[in-house]
Amino acid sequence: MSDIHSPLRYAGGKYYARKLILNLLPAHTAYLEPFAGGASIFFAKSKAKVNHLNDKDGDVMRVFRVIRDTPDALIAFLADLPRPTRDSHAFYKNSFVPNTEIEQAGRWYYLNRISFSGIMKMQNCFWGYGDRNSMPPQHWSRVIRSTSEKLQGVFLTHDDFEIVIDAAEDGTLLFIDPPYFNADQSKFYPVSFNREAHERLVNVLHRNADRLAFLLTYDDCEAIRQMYGWANRIESNEWNYCISGPRPKGKEVFIRNYELPSERYLRFS
């Protein structure tokens, strides 16, 4: 199974850049996302022999685990919830107290699907459902079932990124989409990512660069280009956030420690 959509809305996700990114991935048998978030790239690509999704946000990984292991229970819980309204959003954000893992995951999923841009930091988790632009609840079960199938056999963790990168088996391909270097990501994500974390990331990738392949996406700034000056490829890329309309383009720097076969051919031709 390949080319399905993430079941989650996720701020900063790579849904609209997925085709661009997929074209830059080399052949691989093991795949890891240390900052999975909504895992748009994993869901858009074909599964490898070994697949590992990780995120420090335990709520995100709980939802993926519940979708993988008990999709019918999650679907049943969501089926009993009211149609999305501002009042229902406020209730499940502020008043509802989950008692089971299914209720925890169901509350999170419900709020994620009906909040503005899928932002799940509670201080900035605001109503954002619209009949024209949001997936209607009657389609949630279909998406949960398809993504549950894709998640079968996938290793799911919520560890620190440094731990999972150091532990990855030789030859693993990493797709890495950390919080931006310059932007204030504390508005969007419950787990903080400071300057020290950015420095730890470059260090762990540098010391594993001879045994792991990685594609890293970042905000395009001079500090990042200097930090990763040792990488094989540092390229600016941009994409449309939607098919039409005035929304700005996504624009980031893509950093790789490998060349594709076509690039090697051009270099030596």
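Okay, here's what the table says:
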| quantity | calculated |
| --- | --- |
| J(HN,Hα) series, the range 20-29, from Karplus relation 6.51 cos²θ - 1.76 cosθ + 1.60, nearest Hz, glycine and proline x | 4, 5, 4, 5, 9, 8, x, 4, 7, 10 |
| Segments 106-115, 139-148 sorted - mean Cβ within 10 Å per residue, highest first | 106-115, 139-148 |
| In sequence order, calculated HN-Hα J values of the range 142-156 (Karplus, 6.51, -1.76, 1.60; Hz; x Gly/Pro) | 4, 5, 4, 5, 5, 6, 4, 4, 5, 7, 4, x, 8, 7, 10 |
| For the range 81-91, Karplus couplings with θ = phi - 60° (6.51, -1.76, 1.60), whole Hz, Gly/Pro x | 7, x, 4, x, 9, 4, 5, 5, 4, 4, 5 |
| Antiparallel DSSP beta bridges within the range 18-268, as percent of all bridges there, nearest 5 | 50 |
| Fewest-first ranking of Cys221, Cys125, using other Cβ atoms within 10 Å as the exposure measure | Cys221, Cys125 |
| Amide proton proximity set for Trp127, modelled H, under 5 Å, gap of 5+ | Phe116 |
| Lysine pairs within the chain, Cα separation less than 14 Å, 8 or more sequence positions apart or different chains | 10 |
| Cα centroid separation - the range 133-158 against the range 61-129, whole Å | 14 |
| Calculated [θ] (222 nm, deg cm²/dmol) that DSSP helices of n ≥ 4 give over the chain, each run adding -39,500 (n - 2.57) | -10500 deg cm²/dmol |
| Cut-off under 5 Å, modelled amide H: who pairs with Tyr31 long-range | Val50, Asn51, His52, Leu173 |
| Long-range tail of P(r) for the range 42-144 (Cα pairs > 20 Å, %) | 40 |
| Per-peptide average of other Cβ atoms within 10 Å, ordering 158-164, 74-80 highest first | 158-164, 74-80 |
| Peptides ranked, highest mean first, by Cβ atoms within 10 Å: ranges 170-183, 4-17 | 4-17, 170-183 |
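Coordinate-derived values only; no laboratory data. This structure is a prediction, so every number in the text was calculated from the model and none was measured. Virtual Cβ from ideal backbone geometry, glycine too; neighbours counted across all protein chains shown.
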